[in-house]
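Inspection log for the structure reproduced underneath, given as structure tokens.
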Amino acid sequence: MKRKQVLFEMPYFFWLAFFVIAPILLIAYQSFFNIRGQFTLGNYATYFTSATYLRMTLNSVWYAFLITLFTLLISYPTAYFLHYTKHKQLWLLLIILPTWINLLLKAYAFIGIFSQDGSVNQFLTFIGIGPQQILFTDASFLFVATYIQIPFMILPIFNAIEDLQPSYINASRDLGANNWQTFTRIIFPMTMSGVKAGVQAVFIPSLSLFMLTRLIGGNRVITLGTAIEEHFLVTMNWGMGSTIGVVLIIAMFIIMSLTGEHKKKGRKHND
Amino acid sequence: MSKPIITLKHVYKNYGDTNVLHDINMTLEAGKFYTLLGPSGSGKTTILRTIGGFVTPSSGDVLFDGQRINDLPANKRQVNTIFQDYALFPHMDVYDNVAFGLTIRKTPKEVIEKKVLRALKLVQLSGYEDRSISELSGGQQQRVAIARALVNEPQVLLLDEALSALDMKLRKEMQVELRDLQQRLGITFLFVTHDQEEALAMSDEIFVMDDGKILQSGTPVDIYDEPVNHFVANFIGESNIVPGKMLSDYRVEFVNKVFECADAGMKPDENVEVVLRPEDLDIVAPDAGKLVVTIDTQLFRGDYYEVIAYDDDHNEWLIHSTNPTKDDQRVGLFFEPEDIHVMRYGESEQAFDARLETYED
Ligand SMILES: Nc1ncnc2c1ncn2[C@@H]1O[C@H](COP(=O)(O)OP(=O)(O)OP(=O)(O)O)[C@@H](O)[C@H]1O
Ligand SMILES: [Mg+2]
């Protein structure tokens, strides 16, 4: 019995060891070597003292925050109304569909749409505003990034809303709460798990988006992802790239613990 | 007669082709304790949901204090429900659950605190304020649900099997508590239960339901003593039901013997069913009995013996006896004419009441 169980768990352990733990250890190891292959703490010293890196970090966090916020603002109502529509499975499929298309393809599609003579500018010309610079702006970067992340936010929220038993809503209405009170006090808090899962799924990847920063943001937005790519592929400073990687991994753990389940702090009621 | 607080008039409810409620008529007077009694799936919860505002009737009217409330949303009704699955909010602790209704109504904090603590004390859960719902047993959850509804002091309280998860002792205590509370606060209770003993013990009036219809309504004593049909007789208490023939007024024949009885108003020689309650049958010497039976088995039930016996025509008789008997012994059964209750086949409650009028007093 015991042996059999071990046998079943083997592939999982190997996967974990080779594709999760080993790379993390390698990155951590790499981060302690400088470009000449000598052991050093210099990479970390550079990272935490250089204004450029710190600004880049703040930038990344700020843009990831904006992307997550916009995604959430759009996704929650969408998931909520989706729950009450007739053919929700079909609608859900339509929402998931874009995630099957390669990110690069989507990025190039947006270049076409946003470019000087793309469809958006044609429309702006048509209504008399005239062509605008859309591509290579912060706004277009945020727009496309949000668009790409939306399905990953909608899905967990939608599942959480679907799991919510209607009897809780009935109980709330029974106790006198109107629609808005029921939403803010019952529905939203009880679907918080979906929101947290969505935030995790969106915020962390958004920290290291690099393709879009080039193609849509025109390198105006430089995130940690762009920096890592630069160090590994252009300057060949693997040590520095790994250091940023380690910072990202730590950031990930911080986000996970912030959005994870907390032990509730007991509140005292006087008797 | 005090004025009705809730009235249902010819209420029907259909889900697609299935008819769940069929011509429900109910009048609930303010301050009384009503019970809906019926087997699973008979439509009890659906009636509560109709009154609570979670189900709109397909036709018919729901009145509150004389006003039609069919279209009034649930949060505007002065009715609170204790749901069959409790529906306690898992993200709030016990205190916040109970305080929910009062918070919504913007009650001052001190008042909320006083009322919540009092309600928790009432359901014997003082000291559980900070517990989360998942840390409570089923019975404790049920009591929190009771406190959460009661704390709002509604005019009408709907209780969907509110005591079903409690053990016998606590259940008996809560029955007394609820009944006491209902009388003290003057709240109208509509209580749903499977448990006929609970219904008989607590109610001013019982509605017996089956298959979306109300078969009979009346005081516990009325329903127990004079069930209108086989179903009600079987559902409320235990009974011996045998086929018989009404020879003339006050004379009925069953198991091939003629007996004097207290029923009248039927056609001569009409086929009927006869009900004899097990506790109305007294075991006597064979020559003193109206029937002679042979004891088959007996079970000790704590406060009585449940005896099963057969007469010479192989009809089974259930007897509740305070004294033990011996197996295979031949004994007599004695009962008074008033203990015989005669039921006509297919008689509705209205026809039954009308017939009773013709010969009683
Ligand atoms: N939303 C619904 N759609 C279709 N049928 C329903 C719906 N709600 C209830 N029913 C049906 O209506 C009937 C009555 O249900 P109801 O919940 O009122 O029964 P109940 O008397 O409360 O039973 P129980 O004692 O098991 O709680 C059942 O046959 C049930 O299947
Ligand atoms: Mg029910």
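In the stretch B:217-274, how many residues are hydrophobic (A, V, I, L, M, F, W, C) and at positive phi?
1
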Sole exception among (1) away from chain B (no Cβ under 14 Å); (2) closer than 25 Å to A:Ile150 by Cβ for A:Leu233, by number = (2)
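Somewhere in the stretch B:111-126, is a residue at the interface with chain A (Cβ under 9 Å from one of its Cβ atoms), in contact with a Pro (Cβ under 9 Å, 6 or more places away or on another chain) and outside any helix (DSSP H, G or I)? Give the derivation first.
Step one: list which residues in the stretch B:111-126 are at the interface with chain A (Cβ under 9 Å from one of its Cβ atoms), which gives B:113, B:116-117, B:126.
Retained after the next criterion (residues that are in contact with a Pro (Cβ under 9 Å, 6 or more places away or on another chain)): none.
For the stretch B:111-126, residues at the interface with chain A (Cβ under 9 Å from one of its Cβ atoms), in contact with a Pro (Cβ under 9 Å, 6 or more places away or on another chain) and outside any helix (DSSP H, G or I): absent.
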Quick one: which of B:Pro286, B:Pro268 is touching a Gly at 6+ places or on another chain (Cβ under 9 Å) and assigned by the TED database to the domain that holds B:Pro324?
-> B:Pro286
Output the helices (runs of 4 or more DSSP H) that fall wholly within the stretch A:158-271 and possess 1 or more residues being β-branched (Val, Ile, Thr), within 21 Å of A:Phe65 (Cβ to Cβ) and touching a His at 6+ places or on another chain (Cβ under 9 Å), or say none.
-> A:238-259
Where a residue in the stretch B:18-45 is in contact (Cβ under 8 Å) with a residue 40 or more places away in the chain and farther than 11 Å from B:Ile214 by Cβ and its partner, wherever it lies, is near ligand 1 (Cβ under 8 Å from one of its atoms) and of a type in the set (Val, Ile, Thr), with Cβ under 6 Å and at least six apart = B:Val20/B:Thr46
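For the stretch B:123-137, enumerate the residues that are polar (S, T, N, Q) and within 15 Å of B:Asp96 (Cα to Cα).
Taking the stretch B:123-137 as the starting set, the residues that turn out to be polar (S, T, N, Q) are B:124, B:126, B:132, B:134, B:137.
Residues satisfying the conditions are B:Ser126, B:Ser132, B:Ser134.
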Taking only the stretch B:101-110 into account, find how many residues are among the aliphatic types (A, V, I, L, M) and at the interface with chain A (Cβ under 8 Å from one of its Cβ atoms).
-> 1
Among the listed residues B:Asp167, B:Asp211, B:Asp195, which satisfies the condition of being at pLDDT below 90, within 16 Å of ligand 2 (Cβ to nearest atom), among the charged types (D, E, K, R) and surrounded by fewer than 23 Cβ atoms within 10 Å (Cβ to Cβ)?
-> B:Asp195
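What is the residue count in the stretch A:117-169 for residues that are within 20 Å of A:Thr85 (Cβ to Cβ) and β-branched (Val, Ile, Thr)? Spell out the reasoning first.
Kept after step one, since they are within 20 Å of A:Thr85 (Cβ to Cβ), are these residues of the stretch A:117-169: A:150-151, A:153-166, A:169.
Now narrow it down to the ones that are β-branched (Val, Ile, Thr): A:150, A:154, A:157, A:161, A:169.
Qualifying residue count, the stretch A:117-169: 5.
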Return yes when B:Gly101 is surrounded by fewer than 18 Cβ atoms within 10 Å (Cβ to Cβ) and not hydroxyl-bearing (Ser, Thr, Tyr) and no when it is not.
-> no
Note: among B:Gly66, B:Gly52, B:Gly16, B:Gly60, just one is assigned by the TED database to the domain that holds B:Ser134, within 14 Å of ligand 1 (Cβ to nearest atom) and on the phi > 0 side of the Ramachandran plot, namely B:Gly16
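Which of the helices (runs of 4 or more DSSP H) contained wholly in the stretch A:1-115 include at least 1 residues that are over 26 Å from A:Met240 (Cα atoms)? Steps first, please.
On the way: elements: A:2-15, A:22-30, A:42-49, A:51-84, A:88-96, A:103-114.
Filter on the stretch A:1-115 gives A:2-15, A:51-84, A:88-96, A:103-114.
Looking at the structure I just gave you, is B:Val116 surrounded by 17 or more Cβ atoms within 10 Å (Cβ to Cβ), in the same structural domain as B:Lys169 (by the TED database), in contact with a Leu (Cβ under 7 Å, 6 or more places away or on another chain) and at pLDDT 95 or above?
Details: surrounded by 17 or more Cβ atoms within 10 Å (Cβ to Cβ): yes; in the same structural domain as B:Lys169 (by the TED database): yes; in contact with a Leu (Cβ under 7 Å, 6 or more places away or on another chain): no; at pLDDT 95 or above: yes.
No.
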Between residues in the stretch A:50-76 that are closer than 12 Å to A:Leu209 by Cβ and residues that are among the hydroxyl-bearing types (Ser, Thr, Tyr) and in a helix (DSSP H, G or I), which pairs lie under 6 Å by C-beta distance while being six or more apart or on different chains?
-> A:Ala64/A:Ser206; A:Ile67/A:Thr146; A:Ile67/A:Ser206
Leading residue by the ranking (surrounded by the fewest Cβ atoms within 10 Å (Cβ to Cβ)) among those in the stretch A:126-185 that are of a type in the set (Gly, Ala, Ser) and more than 9 Å from chain B (Cβ to nearest Cβ) = A:Gly128
Residue check for A:Ser172: under 28 Å from B:Pro73 (Cβ atoms), modelled with pLDDT of 90 or more and in contact with an Asp or Glu (Cβ under 7 Å, 6 or more places away or on another chain) | no
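Please work out if A:Leu94 is under 21 Å from A:Gln149 (Cβ atoms) and surrounded by fewer than 12 Cβ atoms within 10 Å (Cβ to Cβ).
On the way: under 21 Å from A:Gln149 (Cβ atoms): yes; surrounded by fewer than 12 Cβ atoms within 10 Å (Cβ to Cβ): yes.
Taking the combined requirement at face value, the residue satisfies it.
The values are calculated or read from the model by the stated rules, or taken from the named source; none is laboratory data. In this text, all values refer to a predicted model and were calculated from it rather than measured experimentally. Virtual Cβ from ideal backbone geometry, glycine too; neighbours counted across all protein chains shown.
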